[in-house]
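**Q** Structure incoming, see below.
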Amino acid sequence: MPRIVACAVVRDDPPRVFVAEDEATLNWVLALRVVARTPAGELAPGLRDDLRRALADERWGDAVAMWVDDHPEVDVYPAFDLATPGDVELGSLELGFTPLFRD
């Protein structure tokens, strides 16, 4: 399992969180599960046509970038640390190196 993942939060009610192994995969997920599911009538004609072209050409990142520019309720994080159970096991050792435990 990777130690760095890409994620996005769509601030709907309830919020939707998408996590992928890398930014390219996250763009594909967002393109299919968010961008392409936007009703065409909710978009300005120019943006709608640009999105359709980008998706048809499999330019997932371009489509997501255009869509996010028009929908500020989406936060995309291309590199985010993934915590694993092994991190928890080392937690007590790490505490001694944190600012709170320095005197």
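The values are calculated or read from the model by the stated rules, or taken from the named source; none is laboratory data. Keep in mind it's a predicted model, so treat the numbers as computed, not measured. In this analysis, Cβ positions are derived from the backbone assuming ideal geometry, glycine residues included, and neighbour counts consider all displayed protein chains. For the accessible areas, the whole protein counts, side chains as well, though only heavy atoms, and no ligand, DNA or RNA atoms are used. Shrake-Rupley method; radii C 1.70, N 1.55, O 1.52, S 1.80 Å.
**Q** Fully extended, how many nm does the chain gain between Glu73 and Leu90 (0.36 nm per residue separation, minus their Cα-Cα distance)?
**A** On the way: separation 17, 0.36 × 17 = 6.12 nm, distance 3.60 nm.
Full extension of this stretch gives 2.5 nm more.
**Q** With a 1.4 Å probe and all protein chains left in place, how much accessible area per residue does the chain have, in Å²? Kindly include the intermediate steps, with their values, before the conclusion.
**A** On the way: 7170 Å² over 103 residues.
The answer is 70 Å² per residue.
**Q** On a full-extension model of 0.36 nm per residue, what is the gain between Glu58 and Phe80, subtracting their alpha-carbon distance, rounded to one decimal in nm? Provide the component values of the computation, followed by the final result.
**A** Numbers: separation 22, 0.36 × 22 = 7.92 nm, distance 2.47 nm.
So the chain would gain 5.4 nm between Glu58 and Phe80.
**Q** Roughly what angle does helix 45-56 make with the longest principal axis of the chain, taking Cα atoms, 0 to 90 degrees, to the nearest 10?
**A** The answer is roughly 70 degrees.
**Q** Here is a follow-up. Note the listed values (i) 37, 34, 20; (ii) 43, 42, 24; (iii) 61, 25, 21, then indicate which one is Cα extents along the principal axes in Å calculated from this particular structure.
**A** Read-out taken from this structure: (iii).
**Q** List the relative contact order of the chain as a percent without decimals, with contacts defined as Cα pairs under 8 Å and 6+ residues apart. Intermediate values should be presented prior to the final figure.
**A** Values: 105 pairs, mean separation 37.1, N = 103.
Reported relative contact order: 36 percent.
**Q** Could you work out, for segment 1-59, what percent of all Cα-Cα pairs fall into each 10 Å distance bin, beginning at 0 Å and stopping at the bin that holds the largest distance?
**A** 21, 44, 30, 5, 0
**Q** In addition: Longest span of the chain, sites excluded, free of trypsin sites (Lys or Arg not before Pro) in DSSP loop with at most 13 other C-beta atoms within 10 Å? Can you show the working numbers first?
**A** On the way: sites that count: Arg3, Arg11, Arg37, Arg102.
By the stated rule (loop sites, at most 13 other Cβ atoms within 10 Å), 38-101.
**Q** Tell me the angle of helix 85-95 to the major Cα principal axis of the chain, expressed in degrees between 0 and 90 and rounded to the nearest ten.
**A** Taking Cα atoms only, the helix is inclined about 50 degrees.
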